[in-house]
Amino acid sequence: MLTTTFALLGAALGASAHYTLPKVGNGADWQHVRKADNWQNNGFVGDVNSAQIRCFQSSSAAAQASYSVAAGSSVTYHANPNIYHPGPMQFYLARVPDGQSINSWNGDGAVWFKVYHEQPNFGAQLTWPSNGKSSFDVPIPSCIKAGSYLLRAEHIGLHVAQSSGAAQFYISCAQLEVTGGGSTDPPNKVAFPGAYKASDPGILININYPVPTSYQNPGPAVFKC
């Protein structure tokens, strides 16, 4: 009964509590971020096998421009409005192959490596560092090669994730031009779709009752230089 109550409450709140991830740095909305399919309705991706799980685009379309950032620094990713639902914020990078244009490259294949994910604080309920925030500093590893990159932002809403396919993915991809850096090619790259299964323990999970005492982020480990 308690689980059902939480699920109904989460569904009711979810109708008016969605958000987008439209901006990096000091640019305008959708200037350096590829316009996601939810740009007007603040919707989410529910199917981890959908092509939208990559950049929340039914068909790949470029941003207006790329945002320049130095390796070893960070870039600020913005939500609009704030992150409302409980769940982890995660970020991935994918380097555009030499000789290809970021404006036409769609990030297909096992090219994505994770640069950040967050763990919850455990207690009477799970609380997440991203909850209530509207901006996030994303670390750009100091050792990666210079070049053009897609930066994939992902927040996973877990408020009703006790049912398969009910986790909510809020996603977008920014276009970056990374300067400086080194020569490291990160290992453990994954593809979207392909990186996640609906049954992954960090995706199919009841965070309401009984309250978990651990959490396993979906996807690979965070890459460190």
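Within the range 59-79, being among the hydroxyl-bearing types (S, T, Y), farther than 15 Å from V96 by Cβ and not in a strand (DSSP E or B) holds for S59, S73. The residue that is nearest to G132 (Cα to Cα), among those in the range 20-53 that are surrounded by fewer than 17 Cβ atoms within 10 Å (Cβ to Cβ) and touching a residue at least 60 places away in the same chain (Cβ under 8 Å), is G46. Restricting the range 111-130 to residues that are out of contact with any strand residue (DSSP E or B) (no Cβ under 9 Å at 6 or more places or on another chain) and of a type outside the set (G, A, S) leaves a set whose member that is nearest to Y196 (Cα to Cα) is Q119.
Go through the range 1-28 and report how many residues are assigned to a loop (DSSP other than H, G, I, E, B) and either closer than 11 Å to A174 by Cα or at pLDDT below 95 (or both).
Number satisfying all stated conditions: 8.
Mind checking which residues of the range 103-122 are in a loop (DSSP other than H, G, I, E, B) and over 19 Å from the mean Cα position of the chain (by Cα)? Matches in the range 103-122: N103, S104, F122. The sole residue among K145, K133 that is under 30 Å from S104 (Cα atoms) and either touching an Asp or Glu at 6+ places or on another chain (Cβ under 7 Å) or touching a residue at least 12 places away in the same chain (Cβ under 8 Å) (or both) is K145. In the range 154-199, the residue that is farthest from the chain's Cα centre (by Cα) out of those that are assigned to a loop (DSSP other than H, G, I, E, B), charged (D, E, K, R) and surrounded by fewer than 19 Cβ atoms within 10 Å (Cβ to Cβ) is D185. T76 - would you say it is of a type in the set (V, I, T) and at pLDDT below 95? The answer is no for T76.
Checking the condition part of a loop (DSSP other than H, G, I, E, B) and surrounded by fewer than 19 Cβ atoms within 10 Å (Cβ to Cβ), which residue from P141, P86, P129 passes?
Values: P141 fails: surrounded by fewer than 19 Cβ atoms within 10 Å (Cβ to Cβ); P86 fails: surrounded by fewer than 19 Cβ atoms within 10 Å (Cβ to Cβ).
None of the other options fit; the residue is P129.
Here the range 95-116 is the region considered, the condition is being of a type in the set (A, V, I, L, M, F, W, C) and under 14 Å from E154 (Cα atoms), and the residue that is surrounded by the most Cβ atoms within 10 Å (Cβ to Cβ) is W112.
The values are calculated or read from the model by the stated rules, or taken from the named source; none is laboratory data. Bear in mind the structure is a predicted one, so any value in this text is a computation, not a measurement. Neighbour counts run over all protein chains shown; Cβ positions are idealised from the backbone, glycine included.
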